[in-house]
1. Within the range B:319-340, work out how many residues are acidic (Asp, Glu) and either surrounded by fewer than 14 Cβ atoms within 10 Å (Cβ to Cβ) or in contact with a Pro (Cβ under 8 Å, 6 or more places away or on another chain) (or both).
2. Pull up the range A:116-169, narrow it to residues that are of a type in the set (Asp, Glu) and surrounded by fewer than 22 Cβ atoms within 10 Å (Cβ to Cβ), then point me to the one that is farthest from residue A:41 (Cα to Cα).
3. For residue B:172, state whether it is buried (at least 24 other Cβ atoms within 10 Å of the Cβ), more than 7 Å from chain A (Cβ to nearest Cβ) and of a type in the set (Gly, Ala, Ser).
4. Please go through the range B:1-49 and give me each residue that is in a helix (DSSP H, G or I), among the small types (Gly, Ala, Ser) and surrounded by fewer than 24 Cβ atoms within 10 Å (Cβ to Cβ), ordered by number.
5. So residue A:92 ticks every box in (1) within 28 Å of residue A:133 (Cβ to Cβ); (2) surrounded by fewer than 24 Cβ atoms within 10 Å (Cβ to Cβ); (3) not hydroxyl-bearing (Ser, Thr, Tyr) but one. Which box is left unticked?
6. Do any residues in the range B:201-217 that are under 17 Å from residue A:29 (Cβ atoms) have Cβ atoms under 7 Å from those of residues that are part of a helix (DSSP H, G or I) and polar (S, T, N, Q), where the two are at least six apart or on different chains, and which pairs are they?
7. Among residues belonging to the range B:1-53 that are among the small types (Gly, Ala, Ser) and at the interface with chain A (Cβ under 7 Å from one of its Cβ atoms), point out the one that is nearest to residue A:223 (Cα to Cα).
8. Give the number of residues within the range A:364-392 that are hydrophobic (A, V, I, L, M, F, W, C), part of a strand (DSSP E or B) and more than 8 Å from every other protein chain (Cβ to nearest Cβ).
Amino acid sequence: MIEKKMDNTVPWDEWIRALDDPKYTPGKPEALSDLWVIDVSYANMAGAYASSILSEFGANVIKIEPPTGDPARTFTPFGITHKGEGLGYLNEGRNKYHITLNLNTKEGKEIFKKLAKKVDVIIESFKPGVMDELGIGYRQLSVENPRLVYCAIYTYGQYGPRALCNKADVDIINQVMSGVTYVTGEYVKDPNNPKESEVPTKEGNWMGWYAGGAWAAFAILTALIWRDKSGEGQFIDVSPAEALGRCINYALTNYQFYEDNVERVGNLDAGVFCYTYFRCKDGYCFLSGFADPNWSLLCEIIERPDLRDKYPTVFERLNFENQKAAYKEIEKWTIDKTYNEIFEIVMEANRKAKESGKGGVVVPGKVVSPQEVMHTENWWIRGTFVKFEDPIYGELIIANQPWKMTKTPPRVKWLCRPVGRDNMYIYQKLLGFGAEDIKNLKEKGVI
Amino acid sequence: MGREDFVKWAEKEFDIKKVFEKPEALEGIVVIEFCTLILGPATPSYLSEFGATIIKLELPGMGDTMRSLTPWGRFPPDGAHAMGYLKESRNKYSVGIDLHHPEAKEVFKRLIKRADVFIENLRAGTLDRWGIGYRDLVEINPRLIYIANNGFGQWGPYVERPSYDAIAQSESGIAWITGFPNELPLKAGIWLADYYGALVSAVAVLAALYWRNRTGEGQYIEFSQAENMIRALDWTWIYQCLTGKGRERYGNRDVAICPSDVFVSKDKEYVAIGCATDEEFKGLCKAMGRTDLAEDPRFSTHLERLKPENQEALYPIIKEWVANTSWPEIDKLASQYGFGAEKVHCAKDMYTDPHFEVRGFKWTVDDPVSGKVVVEGIAPKLNKTPGRIKWIGRPVGVDTYYVLTKYADLTWKEIRELEEKGVIGSKWKDMPGRRPPKTWDGQSGIVYP
């Protein structure tokens with residue numbers, strides 16, 4: 001592998017694969033292996049995802065739950081559980097130690113303080129000031145541990161006019177508050193007869209929480225890099241609503257200049273056409289053709305030069321009424337072809353356009369169901385999916401991380417742990433509690 | 001009292017007026033960007049907010065394709081840059097350079113010597129073919145963190161496939177599960193797989209920087225936006241693996257949290273209601289005047305509520321309550337009883353709500369080229385090293401002389417000669433999205449010469 005390192009005769013894909021294919025991960029170091037993290041987030045998958053990311057990069061993450069368990073363990077489709085766990089949390093328990101601690105007891109708080117002295121990062125998702133009121137918030141903990149990076153996650157944030165509104169942080173709340181839901185969904189086609197589905201629509205997954213978790217991980221790592229330089233920890237405030245909202249294209253700028261909202265346009269796009277999903281014989285396909293040469297090639301492929309003449313520049317193509325009209329015309333071509341036929345025709349046309357020097361690229365794509373995604377060979381070859389065998393939860397299919405890294409690749413070591421399963425190990429290792437101490441704490445309801 | 005005191009403390013700690021008095025976490029980190037559109041460019045944008053220096057390399061004259069992307073083809077009134085571009089090019093320097101040219105490659109290598117991070121979003125292997133890929137650059141700078149963002153990664157059966165945001169959404173399955181049963185799968189109304197993809201890519205850059213602080217070693221990172229969306233689909237894969245069923249579209253209902261749906265209120269607002277805990281559900285029941293529901297064995301615990309037949313029984317009750325209650329009332333009750341309730345926010349809601357302004361989510365930049373422009377601000381707040389926006393998208397190549405003087409050790413004369421040969425370019429094409437606004441004096445904001 002190493003001797004092949006600078007050999008420019010090996011094709012690029014082979015060369016890089018020899019360095020970053022996940023199958024070579026075992027034995028490589030981990031980027032964050034010297035970090036200790038407490039995740040005391042509660043009923044919040046943004047917190048869970050943030051600590052998953054850190055744990056996948058090698059951080060030692062201690063998930064602290066109340067003795068009754070984190071309600072996030074019950075977030076599961078249709079109430080289905082697997083060995084007692086909800087499927088959402090089962091997916092984000094990865095590599096974490098799971099201990100219990102009752103923060104509402106005096107002893108529990110004392111133990112939390114002791115743990116907090118020993119860790120680098122704390123992630124929590126209580127309402128603003130709850131931890132502070134308990135005497136275990138950033139203001140108190142940073143006195144004894146000034147290197148502490150403390151990340152608080154809450155829809156309305158830790159300050160601002162709505163911070164004390166007391167409303168709950170739930171994924172759907174983050175999604176609708178981000179501005180993303182407003183612009184997602186079918187537009188009303190017939191105002192006299194609107195369909196129930198023609199409404200603002202949330203992303204199917206926990207997108208608000210995942211965006212929140214990713215921003216939290218980003219902020220924590222940024223703070224750790226600063227700590228390397230300054231020796232100082234700090235306080236971080238992440239709102240998952242703003243985290244997803246950061247992705248709303250140009251909505252605020254557009255409002256500033258034109259005092260209107262960019263309204264929802266279904267699968268069309270206010271800023272790009274052609275760039276959308278069409279019905280085809282066996283499902284849905286994506287086709288693009290935005291810049292003039294690409295649009296021109298698309299019109300050629302579907303044998304509709306009239307469309308090119310009718311909508312010659314992006315300005316004609318971006319007009320919403322024109323988009324709707326052109327969409328219908330293009331769909332006439334896609335509707336009686338299978339996706340594979342469309343793919344072949346388009347790729348062949350791209351090749352010819354390149355060879356002839358005329359240029360233009362039309363990009364095809366398939367709208368794939370998750371069932372088909374999970375059975376797509378490409379993702380298995382790349383290690384995107386793995387069959388993971390966990391000693392407690394058995395063999396399950398999980399999605400791996402989206403990063404392949406040559407030196408410190410991320411990885412999954414275990415999938416999840418039952419409530420309190422690591423009490424003995426962690427309390428003994430970090431605080432020196434023996435079996436009897438653990439028993440006593442359990443009897444007192446502290447853990 | 002205690003919580004109010006904390007929030008007051010936090011408000012002072014995060015005071016947006018003090019941001020520029022504080023240090024920047026990533027100051028000194030130099031990032032070279034050779035990217036177009038969003039998936040590539042947004043990664044350095046995020047890093048720039050926390051102080052990284054971003055040098056954006058663009059084709060002279062035309063620059064990034066993103067400079068054309070603006071809703072309905074409407075540019076800001078004074079003819080400034082496209083709205084999508086203005087926002088995402090915050091805090092960046094623009095250098096016009098044509099990397100096809102051998103002399104440009106030499107300039108590029110000089111920049112790489114001084115860089116900490118290089119990011120590109122071309123098709124797999126493109127720069128390798130040009131002789132300036134990772135194998136070449138790692139020899140010049142072994143501390144370099146090289147990250148490549150694209151659709152399907154650098155190897156594997158799909159490696160030749162081009163990608164866009166909409167393709168990552170469609171090929172990962174997220175479009176399939178978004179929308180209503182028996183209706184079309186939906187792509188997000190934003191470039192989700194791009195913006196969110198770029199974010200998760202930036203996370204890996206930071207982890208690699210952390211590692212480099214300990215070892216001095218750089219590395220190569222390959223990032224696929226489709227794989228990133230696959231990772232974000234929460235319980236999908238375990239569910240399919242255990243049940244053999246496929247995940248489908250369930251409209252606005254979250255089938256893994258109950259209740260969680262969007263309803264229409266008496267005053268015709270779209271209102272989301274969500275309860276993540278039994279406690280919050282009890283609060284909702286109180287607000288609805290239906291404490292009996294919290295006691296009902298079908299609804300008293302979350303796992304029971306989630307059963308399909310129980311969801312079917314519960315939702316009509318909530319729907320009716322919301323339909324007969326105005327949004328301000330629901331809002332008040334949600335605060336009183338601690339459940340989740342929020343109306344679907346449009347841009348106006350976010351633009352006019354002081355909450356977002358105080359928090360720096362709505363950020364007004366007073367830009368030397370474009371004037372006062374409002375953009376989506378900083379997502380995470382850090383009290384000691386807060387993020388900030390210094391300027392927004394700039395004309396193509398406007399920083400060429402400054403950057404090449406400072407970071408590539410070229411003299412003014414050498415740069416001018418390269419410009420005459422067309423290797424580099426500090427001037428923009430006179431077309432929409434490229435030319436600066438008419439109001440610009442042609443000098444403000446230019447660092448050198």
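1. Filtering the range B:319-340 down to residues acidic (Asp, Glu) leaves B:320, B:329, B:331.
If we keep only those that are either surrounded by fewer than 14 Cβ atoms within 10 Å (Cβ to Cβ) or in contact with a Pro (Cβ under 8 Å, 6 or more places away or on another chain) (or both) as well, we get B:320.
Total meeting the criteria: 1.
2. The qualifying residue farthest from residue A:41 (Cα to Cα) is A:144.
3. No.
4. We begin by selecting, within the range B:1-49, every residue in a helix (DSSP H, G or I); these are B:2-13, B:16-21, B:42-49.
Checking the rest, the ones that are also among the small types (Gly, Ala, Ser) come to B:2, B:10, B:42, B:45, B:48.
Across the range B:1-49, the qualifying residue is only B:2.
5. (2)
6. Listed pairs, sorted by first residue: B:206/A:222.
7. Applying the filter and picking the extreme gives B:25.
8. Just the residues of the range A:364-392 that are hydrophobic (A, V, I, L, M, F, W, C), to begin with: A:367-368, A:373-374, A:379-381, A:385-386, A:388, A:392.
So of that shortlist, the ones also part of a strand (DSSP E or B) come out as A:385-386, A:388.
Of the ones still in play, those that are also more than 8 Å from every other protein chain (Cβ to nearest Cβ) are A:386, A:388.
Count: 2.
The values are calculated or read from the model by the stated rules, or taken from the named source; none is laboratory data. Remember, it's a predicted structure, so these values are computed and weren't measured experimentally. Heads up, the Cβs are rebuilt from the backbone with ideal geometry, glycines too, and the neighbour counts pull from every protein chain shown.
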